[in-house]
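*Asks:* Below you'll find the structure I mean.
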Amino acid sequence: MTIRDGMLMVFRSPAVARPRTRIWNMIGAMPDNEGTRDNSDLAAAAIPIVLFASLMIAILDKTIWQFRAEKEESPMTTDISTGVYLTHLLRTYDVDTVFGIPGVHTIELYRGLSGSGIRHVTPRHEQGAGFMADGYARASGKPGVCFIISGPGMTNILTAMGQAYGDSVPMLVISTVNAHGRMGSGEGWLHELPNQQATVAGVSAFSRTVHRPEELAPALAQAFAVFDSARPRPVHLELPIDVMLAPAGHLAVPQTVARLARPRPDPGQIIEAAALLSAAKTPVILTGGGAVRARALPALAEVLDAPVVMTTNARGILPPGHPLAVTLSASMPKTRELIAAADVLLAIGTEMGPTDYDMYENGGFGVTGTFIRLDIDPAQAMRGPSPALGIIGDAAAGAEALLAAVTPRPAGEGAARAATAQAGLSDLPGMMPNDLVLLGLLRDTLPDTLIVGDSTQITYAGNLGFAARRPGGYFNSSTGFGTLGYGLPAAIGAALAEGRPVMALSGDGGLQFTLGELSSAVEARAPVIRLVYDNKGYGEIKSAMVAQNLPPLGVDILTPDLGAIARACGWTVTEVTTADAMRASLTAAAGRGDCTMILYDDRLRRSLIA
């Protein structure tokens, strides 16, 4: 082989193909002395020059790409965008899961997710993303995080944000928005809203536009300050597209971040409250969702001999069978009689909302004794019944401080007073007692399994009286904002947080709101046991229409073959009509750890005698 042959072999190799083409085109574009395009002689003579230049460019290209790859592995690089920088910041806040649907405006947010250790879950609708984040947050105690596209993605997630806002659930919604110069211009840019931030304001603790890369870390710090030390609610951060794409490698990624503690109650007020409670003859404690992590509450109730009334989101603070537990809703007469007879009433972590205290809107709830209220939200502490003593602070810290400050008393009439209130469960109308039996069957068959509910008849009954086994072990969307379609996606988020099966309750009508999330559950490998009450329509609304002498309209909807749809999405499907069959199906589903749908109807409900 001659030197010339060797040069030609290297010249034709793929390694120098791209730089060779670039230089060859440059030479081919050079005019000769006569201004013609025929440069064949010049090109032939230039082969050695082209070969040398091509090799140099190939080596330089390789060096540049290796440098870029090495730099992208480090959080400190001028090459990373603000979208990638966001991922690094989220990791410092211990974020491990993000729910979202990638879109053309959010692609850059996804660049940093791969290899970050953050799991991404893709719902089939942004409302599903929000509900998943809600369920994840309630089960884990950490904020649920969503990546949402600008415009329609944000309007889609508003319902889920509204539910989380009403139930004080921490949720971080990170979205894009049109670039500066385009956002709110009215020129019709893709996904443009007149004012996206204003659209979100009513369902968030705050909504903030990040105008520069330097503003991102402070904005996240403010969001987590709300989650950590205030009444937790959704926070919305929006990144204009030009900011998302802007370089952020000059910004440091902290190894740790400062996290705020929840405020502790004023010691003087705790002493004052303890004196009132210690002197009380018939004290009662009201608990809400803000108290589910107040581990000292059972002991506090016992040393005060005080019955504990638990709202829907507080169920499980006292376990089933505890002598001081009152699960019958404060909307019911017997529980209202207990509360009215209290000489001192202590409310902890409850907003005193009508869906828990006056569900039938008859105005029958009232406070007559000395009212002490402990809440983390100063504004909420002054809503509803006016307290004689309002204490601002964390429910867990407050319960611990009160336990240390009160004077214990021997057991007296507390258990009897609680039992009298609980006896009101027998007054529940219609099939509600049967539904409570079914809920008890679910709880006792799978004792450690979280139960997540949609707005459906079994949860309406449960909210009036079900006893959950553990704090936070039962929650649903039929209080507060009261949306439909919540059960399935919220159970997916909860199952991913728990790492074990979760039960989801819904009717056939509610399921159809988020039917597409059947695929999401299988794809995410979320072990959801889906119990569907199939009454071929919106049965609760139909009953309400009939009760008000209205002809049922719009409630007898077409219900598709839900079992066939679930099977097509990879679910195991069973249908049960007896209690024994339900127990067997639940046990088998938990053992498999897959996605299982259990269908039932009024045959099962009628077979369960309270």
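The values are calculated or read from the model by the stated rules, or taken from the named source; none is laboratory data. Quick caveat, the model's predicted, so the values are computed rather than measured. FYI the Cβ positions are ideal-geometry reconstructions off the backbone, even for glycines, and counts take in every protein chain you see. Surface accessibility is based on the protein's heavy atoms, side chains included, excluding ligands, DNA and RNA. Shrake-Rupley method; radii C 1.70, N 1.55, O 1.52, S 1.80 Å.
*Asks:* Restricting to region 343-401, give me the number of residues that are under 18 Å from Ala280 (Cα atoms), of a type outside the set (Gly, Ala, Ser), open to solvent by less than 20 Å² (accessible area, probe 1.4 Å) and in contact with a Pro (Cβ under 9 Å, 6 or more places away or on another chain).
*Replies:* The qualifying residues number 7.
*Asks:* Filter region 585-601 for residues that are β-branched (Val, Ile, Thr) and open to solvent by less than 20 Å² (accessible area, probe 1.4 Å); which is farthest from Ala568 (Cα to Cα)?
*Replies:* Ile598
*Asks:* In region 528-552, what count of residues is obtained for those that are assigned to a loop (DSSP other than H, G, I, E, B) and either buried (at least 18 other Cβ atoms within 10 Å of the Cβ) or polar (S, T, N, Q) (or both)?
*Replies:* The total comes to 6.
*Asks:* Given the options Ala388, Ala381, Ala405, Ala399, name the one that is free of Cβ contacts under 8 Å to residues at least 12 places away in the same chain and among the hydrophobic types (A, V, I, L, M, F, W, C).
*Replies:* Answer to the selection: Ala381.
*Asks:* A further question on this structure: Residues being surrounded by fewer than 24 Cβ atoms within 10 Å (Cβ to Cβ) and among the hydrophobic types (A, V, I, L, M, F, W, C): count how many of those fall in region 307-329.
*Replies:* Residues in region 307-329 being surrounded by fewer than 24 Cβ atoms within 10 Å (Cβ to Cβ) and among the hydrophobic types (A, V, I, L, M, F, W, C): 1 in total.
*Asks:* If you don't mind, another one. What single numbered condition from (1) open to solvent by less than 20 Å² (accessible area, probe 1.4 Å); (2) under 22 Å from Ile241 (Cβ atoms); (3) among the polar types (S, T, N, Q) fails to hold for Ser114?
*Replies:* Tallying (1) open to solvent by less than 20 Å² (accessible area, probe 1.4 Å); (2) under 22 Å from Ile241 (Cβ atoms); (3) among the polar types (S, T, N, Q), Ser114 fails exactly one: (1).
*Asks:* Across region 404-426, what is the total count of residues that are modelled with pLDDT of 95 or more, out of contact with any Lys or Arg (no Cβ under 6 Å at 6 or more places or on another chain) and within 27 Å of Asn463 (Cα to Cα)?
*Replies:* So the count comes out to 11.
*Asks:* Further question: Based on this model, can you work out whether Arg606 counts as outside any loop (DSSP other than H, G, I, E, B), in contact with a helix residue (DSSP H, G or I) (Cβ under 8 Å, 6 or more places away or on another chain) and surrounded by fewer than 16 Cβ atoms within 10 Å (Cβ to Cβ)?
*Replies:* yes
*Asks:* Tally the residues that are open to solvent by less than 10 Å² (accessible area, probe 1.4 Å) and among the acidic types (Asp, Glu), restricting the search to region 120-148.
*Replies:* 1
*Asks:* Do you know which residues across region 558-590 are without any contact (Cβ under 8 Å) to a residue 60 or more places away in the chain, among the polar types (S, T, N, Q) and under 16 Å from Leu442 (Cα atoms)?
*Replies:* Within region 558-590, Thr574, Thr577, Thr578, Ser585 meet the criteria.
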